[in-house]
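The structure under discussion appears below in the form of structure tokens.
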Amino acid sequence: MDKFGLISKHAMKDLKELKALISLVDEPDAELYAQVSGRIHDYGMEAIPELETAWENTLDDTIQQRIISIIHHIQQDHIFAELNNWANFGQNDLLKGFMLVTRFHYPDLDMDKITREVGRIAQEVWLELNNNLTALEKIKVVNHVLFDINKFSGNTANIHSPENFYLKNLLENRKGNPLSLGMLYVLIAQSLKIPVYGIDLPRHFVLAYVDETQLLPEAEVMFYLNPFNRGAVFTRNEIALYIKQMELEPKDDYFRPCSNVVMVRRMINGLIETYTMQKNTEKADDLRHLLGAIDF
């Protein structure tokens, strides 16, 4: 668009070419179809509205399936690029990383709506905070708002469902797994300068409240929290006991705050595991590819 709101001749030419390419999606020759779909793919996200229009205007099942496949690959490549950019330059924004992986399953996710809802919950917490509260009293406020007022809880009935990982489902159904609940908890707390961080504990995900007067990664952990158990507070000794019971080799990482990239990587790996359990190999393979966006 130019400054007068008119479509440039170049853009019109590109749109005309795109429509012409989409009209060839019924190409019976596999090699020629691969060339056509590749050219359409090169248009990126700009091609999707035209592809969706073409899908609506045909009743041919083969053409519809081809269009769906092209849209899927364009969307997945776009998410890959955005997640890679996030991991390289924007990883401090945990909400964006959380939403990008959620968009893997919900490509039309309304990110503004999600952001507003997370902000609304944080506002509820902020209204009950004051400067005189101790660390434990601040956590009591967060727990009250999340688990009593907003009714978030662990999905114990369907613990292995992949939907438990996605932020959209968590906000709509108020149920999640330890990781999704923990990531939401971190988002709310850190937006209010409450120093809560994730702990990458094997087969479970917990949180740590660190001494806010110290800098990471050396900051001392004051106590731990279990987001899957309504933010219950516990000590380092209980993590040590858990590690012993699980017959794991003790590591400092099991007691120290982890990065946002580690949490998002854990989310993707958890989804791979659940989709594999469901024998949804296509989803699992797509997620293994997506993992490459942050494993470098």
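Any read-out appearing in this document is the output of simple, stated calculations on the displayed coordinates, not a laboratory observation. Please read these numbers as outputs of a predicted model, since none were measured by experiment. Every residue, glycine as well, gets a Cβ built from its backbone with ideal geometry; the counts of neighbours run over all protein chains shown.
Based on DSSP H segments of at least four residues, each scored -39500 (n - 2.57), the chain has a per-residue ellipticity at 222 nm of -17000 deg cm²/dmol. Overall size of the range 67-107 from C-alpha positions, given as principal axis extents largest first: 36, 17, 6 Å.
For Glu17, Glu247, the sequence from fewest to most other C-beta atoms within 10 Å is Glu247, Glu17.
Across the chain the C-alpha pair distances fall into 5 Å bins from zero in the proportions 1, 5, 10, 13, 15, 14, 12, 9, 6, 5, 5, 3, 2, 0, 0 percent.
For the residue pairs Lys138/Lys251; Lys138/Lys168; Lys113/Lys168; Lys96/Lys168, the alpha carbons lie more than 21 Å apart in Lys138/Lys251; Lys138/Lys168. Taking the fewest neighbouring Cβ atoms within 10 Å as the starting point, the ordered list for Ser37, Ser69, Ser153, Ser180 is Ser69, Ser153, Ser37, Ser180.
Across the range 155-161, rounded Karplus estimates of 3J(HN,Hα) from the backbone phi angles (6.51 cos²θ - 1.76 cosθ + 1.60, θ = phi - 60°) give 7, 7, 6, 9, 4, 9, 6 Hz, Gly and Pro being marked x.
Our note on the geometry: Cα centres of the range 128-183 and the range 217-291, 16 Å apart. Placing a label point 7 Å from the Cα of Asn88 along the Cα-to-Cβ direction, the residues of the range 257-293 with a backbone N closer than 15 Å are 292-293. Label separation (Asp14 vs Arg236): 5.6 nm, computed from points 7 Å beyond Cα along the C-beta direction. Cβ crowding within 10 Å ranks Lys193, Lys168 as Lys193, Lys168, fewest other Cβ atoms first.
Of the residues Met183, Met111, Met246, the one that moves most in a GNM of the chain with alpha-carbon contacts below 10 Å is Met246. Applying 1/(1 + (r/R0)^6) with R0 = 22 Å to the Cβ-Cβ distance of Leu215 and Glu137 gives a FRET efficiency near 0.40. In a Gaussian network model over the chain where Cα atoms closer than 10 Å are linked, find which of Thr276, Thr58, Thr235 has the largest mean-square fluctuation. Ranking Thr276, Thr58, Thr235 by mean-square fluctuation puts Thr58 first.
With both labels modelled 7 Å from their Cα along Cα-to-Cβ, the Thr115 to Glu172 distance reads 2.1 nm. Given a Förster radius of 30 Å and the C-beta distance between Ile159 and Tyr106 as r, what FRET efficiency does 1/(1 + (r/R0)^6) yield to the nearest 0.05? Efficiency at R0 = 30 Å is approximately 0.90. Hydrophobic long helices, here whole DSSP H runs in the chain with Kyte-Doolittle means of at least -1.0 and Cα atoms spread over 30 Å or more along the helix axis, are found at 61-85. Charged side chains reduced to their Cβ positions (Lys and Arg at +1, Asp and Glu at -1) give the chain a dipole of some 940 debye around its Cα centre. Taking the range 158-173 and a reference point 7 angstrom along Cα→Cβ of Glu273, the backbone N atoms nearer than 16 Å belong to 158-166. Comparing mean-square fluctuations of Asp285, Asp253, Asp61 from a GNM of the chain with C-alpha springs under 10 Å, the top value falls on Asp61. State whether the range 9-78 is rounded, prolate or oblate according to the following rule on the C-alpha gyration tensor (a ≥ b ≥ c being the square roots of its eigenvalues): a/c under 1.5 gives rounded; otherwise a/b larger than b/c gives prolate, and the remaining case gives oblate. Rounded shape, in that the Cα axes give a/c under 1.5.
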